[in-house]
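Peer 1: Next up is a structure, given as structure tokens.
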Amino acid sequence: MTIPHMNPTIITHYIDQHIMILLLIGRLLFSLLFIFSGIMQLWNFKNTVQYLTTLKVPFPKFSAISSNIVSFIGGIGIVYRSYSLYGSILIIFFLLPTTMMAHRFWSIEDKTEKNNQMQHFMKNVALIGSAILIALTSLYDK
């Protein structure tokens, strides 16, 4: 496939189509994490509730159900361009408390576990940043 030349409008259209495809691929890859995690944690509901209980999360059953539904719906929303703003907002609201409650590296004394939790914390911070970027691109991608 060759890029048409001489007509700037055709070139712009050609580039725009490829950018849209790349944005879709990026949204899909990003959202798969939340879609599968939402499904798997509901699938292993008992273990999820036990884990949330050890973290002293309030209302662990309700928190397990609601956070995983928000994660799943947010992930699905991000895939569909017209809902990517809402999906990314859901993911941000899911990640903020999850990051603060589940990865409290500052309160851990064991050096190995502290490093492990700090890596998870920083990964979630990066995911929050990515969700913000998806939200911003959805505002300009109409």
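Quick note: the coordinates plus some simple rules give every number you see, no bench work behind them. The structure displayed is predicted, hence computed values, not measured ones. FYI the Cβ positions are ideal-geometry reconstructions off the backbone, even for glycines, and counts take in every protein chain you see.
Peer 1: Can you give the helix-only mean residue ellipticity at 222 nm for the chain, where every DSSP H stretch with n ≥ 4 adds -39500 (n - 2.57) and the sum goes over all residues, rounded to the nearest 500 deg cm²/dmol?
Peer 2: On the way: 5 runs with 115 residues, N = 142.
Result for the chain, helices only: -28500 deg cm²/dmol.
Peer 1: While we're looking at this one, here's another question. For K46, list the lysines whose Cα falls under 20 Å from its own Cα; do not include residues on the same chain fewer than 8 positions away.
Peer 2: Straight-distance partners of K46: K56, K61.
Peer 1: Here's something else I'd like to know. Provide the convex hull volume over Cα atoms per residue for segment 64-126, in Å³. Walk me through the intermediate numbers first.
Peer 2: On the way: hull volume 4.9 nm³, N = 63.
So the per-residue hull volume is 78 Å³.
Peer 1: May I ask you to derive the relative contact order of segment 58-142, considering only C-alpha pairs under 8 Å and at least 6 residues apart, and to give it as an integer percent? Write down the numbers at each step before the final one.
Peer 2: On the way: 79 pairs, mean separation 25.7, N = 85.
In percent, rounded to a whole number, it is 30.
Peer 1: Taking the Cα centre of the chain as origin, work out the dipole magnitude from +1 charges on Lys and Arg Cβ and -1 charges on Asp and Glu Cβ, in debye rounded to 20.
Peer 2: Details: 10 positive and 5 negative charges, 62 e Å.
Dipole magnitude for the chain comes out near 300 debye.
Peer 1: For a quick check: sort S67, S82, S31 by the number of other beta carbons within 10 angstrom, fewest at the front. Don't skip to the answer; put the middle values down first.
Peer 2: Working: S67 22, S82 10, S31 25.
In order of increasing Cβ crowding within 10 Å: S82, S67, S31.
Peer 1: How would you rank V125, V49, going from fewest to most other Cβ atoms within 10 Å of each one's own Cβ?
Peer 2: Details: V125 14, V49 17.
Result, fewest neighbours first: V125, V49.
Peer 1: Semi-axes of the equivalent ellipsoid of the chain: what are they in whole Å, largest first, if each equals the square root of 5 times a C-alpha gyration tensor eigenvalue?
Peer 2: Numbers: eigenvalues 278, 57, 27 Å².
Ellipsoid half-lengths, sorted descending, are 37, 17, 12 Å.
Peer 1: Given the options F45, Q17, L33, identify the residue whose Cα lies farthest towards the positive end of the charge dipole of the chain (+1 on Cβ of Lys, Arg; -1 on Cβ of Asp, Glu).
Peer 2: F45
Peer 1: Can you bin every Cα-Cα distance in segment 93-133 into 10 Å intervals starting at zero and give me the percent of pairs per bin, rounded to whole numbers?
Peer 2: Per 10 Å bin, starting at zero, the Cα-Cα P(r) for segment 93-133 comes out as 32, 50, 16, 2 percent.
Peer 1: Here is a follow-up. So what is the relative contact order for the chain, in percent, with contacts set as C-alpha pairs under 8 Å and at least six apart?
Peer 2: Values: 140 pairs, mean separation 28.4, N = 142.
Relative contact order of the chain: 20 percent.
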